[in-house]
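K.L.:
Questions regarding the structure given below will be posed in turn.
The values are calculated or read from the model by the stated rules, or taken from the named source; none is laboratory data. Computed from a predicted structure; not experimentally measured. For neighbour counting, all protein chains shown are included, and Cβ atoms are generated from backbone atoms with ideal geometry for every residue, glycine included.
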Amino acid sequence: MVLLAWAVPSPGVAYETDQFSNRLEPIEDSTKLLNEQVNQSIRKAISDWSGDRNDRRVVNRIYHDIGGHHWVDKLERWAMKSPDVDRLRTPRRNSIYSGHPLWASRVAALFGVGPTIKLNETLIGSDKIGHFISQGRKFYRRYLRYHDETRAGEWSAFTERAIFGQMATGSYSNADLVANYEGFRFYHSLFEDNVVEDKPAILVWKEDHWEIQRPFDWADHVNAYWDEALNTNHYDRLLYPHMKTRLMTYCDDYRNQPDMYTIDEEPLLQSQYAHLELRPTPELRLPVLCESQSSGDLSVHSTSAEP
């Protein structure tokens with residue numbers, strides 16, 4: 001219990017999200033709405049610029065405008081509360097983490113799950129916005145120090161293993177690591193061409209001021225690996241058997257709409273994120289889990305029973 005007292009976030013903040021529950025309910029895509037929020041922040045960051053070029057100053061202005069030093073970033077909180085953003089809400093008692101022993105689910109059992117929204121036609125937890133903005137900035141700053149994406153990503157993986165991830169929740173979110181990395185790519189793409197393939201940098205320096213060359217678009221960053229029902233979490237040995245049993249209860253949903261549980265162009269995504277220390281759990285994806293259930297083979301090999 002000492003660990004829980006140390007690791008628990010402030011009241012009202014959820015550690016986890018759930019893209020399995022209510023997955024088949026229709027939800028409006030919010031890409032356009034959140035694009036405008038980020039583009040507005042970029043415009044604000046450079047609108048009253050004075051002095052020489054300073055890339056870090058631009059990054060910090062954006063971060064302080066839509067990120068934050070608290071548990072929930074400003075843009076994340078806006079997405080959770082704005083009446084314009086469509087959301088899937090899952091009460092704590094109905095989530096994939098409900099009903100498990102406290103010693104297995106830990107913080108997730110205490111605080112429930114955050115809402116799910118849709119960006120780039122992909123279901124993502126609202127927490128991924130915070131990962132993108134705040135953890136992405138930290139990733140970017142480490143990249144500037146090391147000039148090595150793999151080394152910069154090591155701390156990102158460490159925090160997912162430690163109090164912001166598996167130590168506190170039993171869950172190591174591969175999708176969190178992807179969102180962290182894509183946040184880095186966003187900050188990098190502010191100033192560098194072709195960070196987003198075949199696109200110029202968002203900003204260009206002209207003599208004594210910044211100009212915007214192209215708008216930011218979440219579609220350049222969000223993909224199926226942000227969706228925790230597709231890029232499933234890695235669970236420690238305490239939580240794993242409970243999650244495997246719970247996920248089997250969604251097999252009827254899978255059989256009703258199997259296309260909602262498939263990943264297009266996965267080899268490309270695997271290659272793109274191979275350096276991020278993801279811990280794949282393909283045996284917990286519903287196409288695998290439910291087909292095994294149908295065949296009567298429930299001894300699906302576990303790659304997730306590590307501490």
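K.L.:
Filter segment 113-129 down to the residues that are among the acidic types (Asp, Glu) and in contact with a Ser or Thr (Cβ under 6 Å, 6 or more places away or on another chain) and list them by number.
P.N.:
Of segment 113-129, the ones among the acidic types (Asp, Glu) are 121, 127.
Answer for segment 113-129, where residues must be among the acidic types (Asp, Glu) and in contact with a Ser or Thr (Cβ under 6 Å, 6 or more places away or on another chain): just 127.
K.L.:
Every residue in segment 49-77 that is exposed (fewer than 15 other Cβ atoms within 10 Å of the Cβ), farther than 30 Å from residue 238 by Cβ and either at pLDDT below 95 or not charged (D, E, K, R) (or both), please.
P.N.:
Within segment 49-77, 50, 51, 54, 64, 69 qualify.
K.L.:
Is it the case that some residue within segment 264-278 is touching a Gly at 6+ places or on another chain (Cβ under 6 Å) and crowded, with 18+ Cβ neighbours inside 10 Å?
P.N.:
yes
K.L.:
So, one more: Would you pick out the residues in segment 253-263 that are loosely packed, with under 10 Cβ neighbours inside 10 Å and either under 13 Å from residue 20 (Cβ atoms) or in contact with a Leu (Cβ under 8 Å, 6 or more places away or on another chain) (or both)?
P.N.:
Keep residues of segment 253-263 that are loosely packed, with under 10 Cβ neighbours inside 10 Å, which gives 256, 259.
Selection gives 256 alone.
K.L.:
So, one more: If we scan segment 110-122, do we find a residue that is hydroxyl-bearing (Ser, Thr, Tyr), part of a strand (DSSP E or B) and modelled with pLDDT of 85 or more? Don't jump to the end; show me each part of the working.
P.N.:
Keep residues of segment 110-122 that are hydroxyl-bearing (Ser, Thr, Tyr), which gives 116, 122.
Narrowing further to those that are part of a strand (DSSP E or B): 116, 122.
Next, from what is left, pick out any that are modelled with pLDDT of 85 or more: 116, 122.
Yes, segment 110-122 contains a residue that is hydroxyl-bearing (Ser, Thr, Tyr), part of a strand (DSSP E or B) and modelled with pLDDT of 85 or more.
K.L.:
Hey, which of the helices (runs of 4 or more DSSP H) in segment 174-256, taking only ones fully inside, have at least 2 residues that are at positive phi?
P.N.:
Details: elements: 174-189, 240-247, 251-256.
Output list is empty.
K.L.:
Report yes if residue 10 is crowded, with 17+ Cβ neighbours inside 10 Å, assigned to a loop (DSSP other than H, G, I, E, B) and at pLDDT below 95, otherwise no.
P.N.:
Details: crowded, with 17+ Cβ neighbours inside 10 Å: no; assigned to a loop (DSSP other than H, G, I, E, B): yes; at pLDDT below 95: yes.
Judged against the criteria, residue 10 is not a match.
K.L.:
Out of segment 169-220, which residues are of a type in the set (A, V, I, L, M, F, W, C), buried (at least 20 other Cβ atoms within 10 Å of the Cβ) and free of Cβ contacts under 8 Å to residues at least 40 places away in the same chain?
P.N.:
196
K.L.:
Here's something else I'd like to know. So which residues in segment 19-48 are crowded, with 20+ Cβ neighbours inside 10 Å, of a type in the set (A, V, I, L, M, F, W, C) and not in a helix (DSSP H, G or I), if there are any at all?
P.N.:
20
K.L.:
Which members of segment 78-98 meet the condition of being assigned to a helix (DSSP H, G or I) and buried (at least 17 other Cβ atoms within 10 Å of the Cβ)?
P.N.:
78, 79, 80
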